[in-house]
Structure formats: structure tokens, C-alpha cells
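Remarks on the structure that follows.
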Amino acid sequence: MTRAAKRRAWYPWRMTDPNCIFCKIVAGEIQAEKVYEDDTYLAFLDIRPLSPGHTLIIPKAHERWVWDVADLGGYFGVARKIAKALQKISGTDEVHMKVVGEEIPHAHVWVYPASDKAHGKKSDLPANAAALRAALA
Ligand SMILES: [Zn+2]
């Protein structure tokens with residue numbers, strides 16, 4: 001085990017990058033429409049949504065790629081929760097997931113309903129976040 005991996009295993013919450021916008025959202029330094037949070041993951045609405053309820057799910061620790069997240073099953077389990085909630089509120093079962101990750105150097109996945117089938121206004125982030133939080137409750 002490398003020194004960095006050991007540090008990450010013992011102090012995952014300290015693994016942040018001060019210049020990373022997603023780490024700043026985790027720390028509460030930048031506002032976001034949060035829809036889900038647990039000890040390890042955070043989900044919030046994308047500020048440039050492709051469709052109503054377009055959500056980003058990130059590990060709270062600063063991991064570069066999705067493939068660096070230790071518990072990938074737990075991570076995708078959170079993505080499924082969000083996807084199921086989006087199915088409830090968007091009026092379509094067609095919910096997409098996208099893993100790319102070159103825009104922001106902090107692991108993230110997109111989960112969003114099909115833009116031509118989803119109900120609602122994609123730019124209304126507060127209303128979409130409220131609906132998603134209610135569906136997740
Ligand atoms: Zn980060």
C-alpha cells in the first residue's frame with residue numbers, strides 16, 4: 001500500500017483539494033441544491049441541467065476518477081436511489097447515467113431523466129431539488 005493510499009484509508013475526510021469546486025461544495029463553501037447526503041457521498045443538482053432533476057453524485061473525498069472510489073457498489077447504489085426517485089418525479093422510467101469526468105477533476109456521475117420525456121422545467125433547480133428530496137424521503 002502506498003503512503004497516499006494509507007493516508008486515504010485512515011483519513012478519508014481529510015482528502016480534499018482546496019482548488020476543487022466539488023470539494024468546496026462538500027465543505028459548504030459553495031452553495032448547491034443538495035438532494036442526498038450520507039457519510040461518504042453527496043448528490044446535488046447540476047447547474048447546467050440536461051433535463052429536470054439532472055443530478056451529480058460525488059464521493060465526499062477528493063477522488064480523481066470514479067474508478068478510484070473504493071466502494072464502487074455503494075457509490076452506484078446511491079446513483080440507483082437517485083435514479084429511482086427521478087423515475088417517480090419525472091414521469092418517465094428512462095433515466096440515464098453518464099460517467100465521463102474530464103470537466104471537473106473530482107469523481108462524479110450524472111443521473112438524469114431523458115430530456116424529451118421528463119416533465120418539468122429543467123432550469124427550476126429549487127423546485128426540482130425539493131421534488132427530488134421529497135421522493136427520496
Ligand atoms: Zn475535489
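No lab work stands behind these numbers, since they all come straight from the coordinates. These numbers come from a predicted model, not from an experiment. Cβ coordinates were reconstructed from backbone atoms using ideal geometry, including for glycine residues, and neighbour counts include every protein chain displayed.
Among the listed pairs 60/81; 24/88; 34/122; 84/122; 98/122, which have their C-alpha atoms separated by more than 24 angstrom in this model?
24/88
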Within 10 Å of each residue's Cβ, count the other Cβ atoms and sort 110, 67 from fewest upward.
67, 110
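Would you calculate, for the chain, the mean residue ellipticity at 222 nm contributed by helices, counting each DSSP H stretch of 4 or more residues as -39,500 (n - 2.57) and dividing by all residues, to the nearest 500?
Working: 4 runs with 46 residues, N = 137.
My calculation for the chain gives -10500 deg cm²/dmol from helical runs alone.
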What would the Debye formula give as log10 I(q)/I(0) at q = 0.09 Å⁻¹ for the alpha-carbon point model of the stretch 3-136, no solvent?
-0.25
Loop GluC sites (Glu not before Pro), the stretch 21-85, which have at most 10 other Cβ atoms in a 10 Å radius of their Cβ (DSSP):
29
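When 100, 95 are ordered from fewest to most other Cβ atoms inside 10 Å of their Cβ, what list results?
Values: 100 9, 95 23.
Ordered from fewest to most neighbouring Cβ atoms within 10 Å, 100, 95 come out as 100, 95.
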